[in-house]
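Visitor: Take a look at this one; I'll ask things after.
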Amino acid sequence: MIKNDKPSNSKVSAYIHIPFCEHICYYCDFNKVFLEGQPVDEYIDALLKEIRLTTIKNSGRPVETIYIGGGTPTSLSAGQLDRLLSGIRELLPFNDKKEFTVEANPGDITVEKLRVMKNYGVNRLSMGVQTFDNQLLKKIGRKHTAEDVYKTMAFLEKENFENVSIDLIYALPGQTIRGFQDTLQKAIELDLPHYSLYSLILENKTMFMNWVRQGRLTLPDEDAEAGMFEETIAMMAKSGRHQYEVSNFALKGKESQHNLVYWNNEHYYGFGAGASGYLGDVRYRNFGPIQHYLEPLRKDNLPVLEREELTLNNQIEEEMFLGLRKLAGVSKKRFEEKFNTSIEKIYGSVVQELVQAGLVIENPDSLQLTAKGLYIGNEAFEAFLLD
């Protein structure tokens with residue numbers, strides 16, 4: 001076992017989960033429920049109680065970034081958003097100059113909701129657009145249209161809210177490379193600072209997985225999917241958005257600071273039903289079903305379903321897996337400061353083998369995946385498992 005006597009980094013961020021949706025997409029396996037008939041107000045109160053109980057135990061240290069995801073946070077009413085955000089700002093010490101993101105769907109944001117968000121320091125929106133093809137939007141179970149995206153963007157521009165990211169999904173059922181190029185071009189023409197692009201992953205317990213098993217759904221093959229990924233990298237680079245992580249592209253200085261917390265293997269609270277957190281050497285996950293989440297909080301207990309204490313070996317493995325997703329790779333200096341040892345001492349022969357296989361580049365200051373390594377990252381990641 002490798003030993004490390006260095007103190008852990010005191011920085012911490014916060015992920016806050018709102019599990020309510022007005023519509024469930026066919027591909028989604030996130031922790032979510034239909035909004036109608038749910039105890040939304042009790043959930044908000046319980047969520048704020050969880051934050052209070054957790055931060056009391058952790059000395060109320062200031063948070064670096066806040067990210068409210070879902071579900072669909074903007075499915076809450078303006079009044080509910082106000083209650084949630086005022087409680088968050090009261091309980092989580094936060095510098096307004098840091099990144100505060102809320103996820104939203106096109107068509108969900110009203111003037112009232114946006115002003116509530118801005119009032120409490122929300123300075124970034126992440127929009128689930130997925131595609132600009134209306135037929136595909138219908139096929140994947142989205143309730144918005146491409147026209148809704150344009151209306152929402154025009155509205156945000158009018159309200160002087162410019163820090164917007166959009167998510168797109170590629171390798172959708174029946175999608176062609178030409179069709180994807182059209183979506184990508186339309187996305188880039190919006191001239192946004194940040195884009196996230198993910199290939200469709202079939203998850204258990206989704207309608208899509210059921211339909212594939214029944215032979216009712218055909219997805220693009222691996223070559224088409226790889227072609228869409230290559231097209232993404234090329235078109236984003238041409239538009240001045242650099243790829244700073246496998247799936248993420250941004251103008252310089254507009255990288256998602258919250259997502260970098262994950263890839264830099266830093267600490268974060270996970271608040272809400274089904275949320276995961278990482279504090280000290282412990283990863284934990286909350287109960288997912290709403291009532292299972294609410295029950296312990298009614299008794300002033302934290303709603304933690306499971307906790308895993310990471311060994312130092314586990315932490316080092318995660319540092320490599322997560323850090324190599326970034327195009328900048330893993331910093332040798334940061335690794336040594338964090339673990340009181342060098343990458344060379346732990347992984348010397350492994351690194352050389354991966355360099356020879358064309359999967360990794362070793363620089364004086366860092367270790368990075370090659371373009372080939374980015375495509376087949378799992379092969380590289382497996383080499384960093386420690387016995």
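Visitor: How much length is gained if the chain between ALA328 and ALA234 is pulled fully straight, taking 0.36 nm per residue apart and subtracting their Cα-Cα distance, in nm to one decimal? Working shown, then result.
Guide: Details: separation 94, 0.36 × 94 = 33.84 nm, distance 1.80 nm.
Full-extension gain reported as 32.0 nm.
Visitor: Moving on to the next point. Could you tell me the center-to-center distance, by alpha carbons, between segment 322-361 and segment 74-143 in angstrom?
Guide: 37
Visitor: Can you give the Kirkwood hydrodynamic radius of the chain from its Cα pairs, in Å with one decimal? Don't skip to the answer; put the middle values down first.
Guide: Values: mean 1/r = 0.0449 Å⁻¹.
Final number for the Kirkwood radius of the chain is 22.3 Å.
Visitor: 5 Å is the cut-off here: which amide hydrogens, built 1.01 Å from N in the peptide plane, fall below it relative to SER199, excluding neighbours closer than 5 in sequence?
Guide: Those lying under 5 Å, H to H, from SER199 are TYR170.
Visitor: A further question follows. Given C-alpha coordinates of segment 318-387, what is the ratio Rg to Rh with the Kirkwood estimate of Rh?
Guide: On the way: Rg = 10.9 Å, Rh = 11.9 Å.
Taking Rg over the Kirkwood Rh, I get 0.92.
Visitor: Let me ask you something else. Which trypsin sites (Lys or Arg not before Pro) in segment 239-346 pass both tests, a DSSP loop state and at most 13 other beta-carbon atoms within 10 Å?
Guide: Working: sites: ARG241, LYS252, LYS254, ARG283, ARG285, ARG298, LYS299, ARG307, ARG325, LYS326, LYS332, LYS333, ARG334, LYS338, LYS345; in loops: ARG241, LYS252, LYS254, LYS299, ARG325.
Those that pass, being in a loop and sparsely packed, are LYS252, LYS299.
Visitor: I want to check the label-to-label distance for GLU189 and THR341. Put each point 7 Å from Cα in the C-beta direction and report it in nm to one decimal.
Guide: For the pair GLU189/THR341, the computed spacing is 5.5 nm.
Visitor: If you take every DSSP beta bridge fully contained in the chain, what fraction is antiparallel? Give it as a percent rounded to 5. Provide the component values of the computation, followed by the final result.
Guide: Values: 22 of 54 bridges.
Roughly 40 percent of the DSSP beta bridges within the chain come out antiparallel.
Visitor: Please find the FRET efficiency linking ARG178 to ILE201, where r is the Cβ-Cβ separation and R0 is fixed at 22 Å, and quote it to the nearest 0.05. Working shown, then result.
Guide: On the way: r = 23 Å, r/R0 = 1.03.
Rounded to the nearest 0.05, the efficiency is 0.45.
Visitor: SER10 to LEU312: extension gain in nm, 0.36 nm per residue of separation minus the Cα-Cα distance? Intermediate results must be reported in sequence, preceding the final value.
Guide: On the way: separation 302, 0.36 × 302 = 108.72 nm, distance 1.72 nm.
Gain on extension, SER10 to LEU312, equals 107.0 nm.
Visitor: So if each residue of separation counts as 0.36 nm, and I subtract the Cα-Cα distance between GLU90 and LYS118, what length gain in nm does that give? Don't skip to the answer; put the middle values down first.
Guide: Numbers: separation 28, 0.36 × 28 = 10.08 nm, distance 1.54 nm.
Once the chain is fully extended between GLU90 and LYS118, it gains 8.5 nm.
None of the figures in this text is laboratory data; all of them are computed from the coordinates on show. Since the model is a prediction, treat every value here as computed from it, not as a measurement. Please note: Cβ atoms are built from the backbone with ideal geometry, for glycine as well, and neighbour counts cover all protein chains shown.
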